[in-house]
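Structure first, then comments.
The values are calculated or read from the model by the stated rules, or taken from the named source; none is laboratory data. On a predicted model such as this, the values are computed, not experimentally measured, just so you know. Positions of Cβ are backbone-derived with ideal geometry, glycine not excepted, and every protein chain shown enters the neighbour counts. Just so you know, the surface numbers come from the protein's heavy atoms only, side chains and all, with ligands and any DNA or RNA stripped out. Shrake-Rupley method; radii C 1.70, N 1.55, O 1.52, S 1.80 Å.
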Amino acid sequence: MNLRRLYDMQRELDAKIESQHGLRKEDLVDEKILALLVELGELANETRCFKFWSVKPPAERGVILEEYVDGVHFILSLGLTFGYDGPETSKGLAEEAATLTAQFNRVYQLVSTFKDDLSEENYYLLLDSYIQLGEILGFEWAEVEQAYLEKNQVNHERQQQGY
């Protein structure tokens, strides 16, 4: 797991977005937290893990991976905002939930906890729990990293096209 590479790529994307949109001096923490919550909801919706009333299957694995990686972007961006980009790998702080739904609820809770207390410990607990969510979804880190690289490129292209 090479978080350093992803943090560096996210730093470059954030700088580009902030520059192009005149946001260099703006406090974007609330926007990033809300964006993370929206992406987490989109991810849960694609897994359909909570939809006990439906027999429709989850989205294809690639769709779920792309939604997962969208969340990675915002978590890394939040870490960079506060200078929490130190470890090369997960710190292993997360407690695994019994089910996928429970893990989603845990990550939602940790986003709220981080919003209320923007400490380094809360950030790494959120990051680790999100990484653990990916593991529960069956993703290997190598494929998460590759999907991040691909989506990061798409995000750069979108900025060039006035997204």
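All conditions in (1) aliphatic (A, V, I, L, M); (2) farther than 22 Å from GLU157 by Cα; (3) surrounded by fewer than 16 Cβ atoms within 10 Å (Cβ to Cβ) hold for LEU23, with the sole exception of (2).
Scan segment 81-97 and give yes if some residue there is open to solvent by 60 Å² or more (accessible area, probe 1.4 Å) and closer than 19 Å to GLU42 by Cβ, otherwise no. Among the residues of segment 81-97, not one is open to solvent by 60 Å² or more (accessible area, probe 1.4 Å) and closer than 19 Å to GLU42 by Cβ, which makes the answer no. Of the residues PHE52, PHE74, the single one that is modelled with pLDDT of 95 or more and in a loop (DSSP other than H, G, I, E, B) is PHE52. Being in contact (Cβ under 8 Å) with a residue 12 or more places away in the chain and open to solvent by less than 60 Å² (accessible area, probe 1.4 Å) is the filter here; which residues of segment 5-20 pass it? Listed by number, the residues that qualify are LEU6, TYR7, MET9, GLN10, LEU13, ASP14, LYS16, ILE17.
Screening GLY86 on (1) within 16 Å of TYR7 (Cβ to Cβ); (2) in a helix (DSSP H, G or I) shows it passes everything except condition (2).
Taking residues in segment 131-147 that are among the hydrophobic types (A, V, I, L, M, F, W, C), and partners anywhere that are at pLDDT below 95, the pairs with Cβ atoms closer than 6 Å and at least 6 places apart or on different chains are ILE131/SER90; TRP141/MET1. In segment 39-65, the qualifying residues are those that are among the acidic types (Asp, Glu) and within 25 Å of ASN122 (Cα to Cα), and the one that is surrounded by the fewest Cβ atoms within 10 Å (Cβ to Cβ) is GLU42.
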